[in-house]
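Please read the structure below before turning to the comments.
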Amino acid sequence: MTSISINARVYEALAAVEPNTHAVELPDEPTWPALVFEISSNPEPGWVKDGGYDQNDIVVMTFSRSREQIINLKAAVLQAISALDGFLGDEFAGDADYQGEAGVYAYVQNFQVRTRR
């Protein structure tokens, strides 16, 4: 059995919320709404004997021209990520700056998910 990478799992979960989902950065000419995620993974060797686990910090940026849409999307993002196996919690969430285009709202959410290597 092949395990699915955390990147693939997160992309799949977020694309179900908003098909306009991108890893790491927006495309050159983005459309709205959009989600962008970035994952930082670190080994957790001391969590259990012999290790074998990673702690993944997942940052999700939500972009939209509508505050109401941001509110709906941020709730759906939380639901999608919290449904992943190994979900540890949400660390931070709040409004963010986006200076790429006037009239676009941004919201950032940070989550932690533990995965087995």
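The values are calculated or read from the model by the stated rules, or taken from the named source; none is laboratory data. What you are looking at is a predicted structure, and each value in this text was computed from that prediction instead of being measured. Glycine also receives a Cβ, built like all others from the backbone with ideal geometry; neighbour counts cover every protein chain displayed.
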Test: A106 is modelled with pLDDT of 95 or more, buried (at least 16 other Cβ atoms within 10 Å of the Cβ) and closer than 18 Å to V17 by Cα: yes
Qualifying positions in the stretch 61-95 - part of a strand (DSSP E or B), farther than 22 Å from E44 by Cα and touching a residue at least 24 places away in the same chain (Cβ under 8 Å): M61, T62, F63, S64
Which of the residues spanning the stretch 11-69 are modelled with pLDDT under 95, touching a Pro at 6+ places or on another chain (Cβ under 7 Å) and surrounded by 14 or more Cβ atoms within 10 Å (Cβ to Cβ)? D54
Residue match in the stretch 41-52 (condition: at positive phi and of a type in the set (D, E)): yes
The residue from Y98, Y107 that alone is in a loop (DSSP other than H, G, I, E, B), farther than 18 Å from E12 by Cβ and hydroxyl-bearing (S, T, Y) is Y98
Among Q79, Q55, which is of a type outside the set (A, V, I, L, M, F, W, C), in contact with an Asp or Glu (Cβ under 6 Å, 6 or more places away or on another chain) and over 14 Å from V108 (Cβ atoms)? Q55
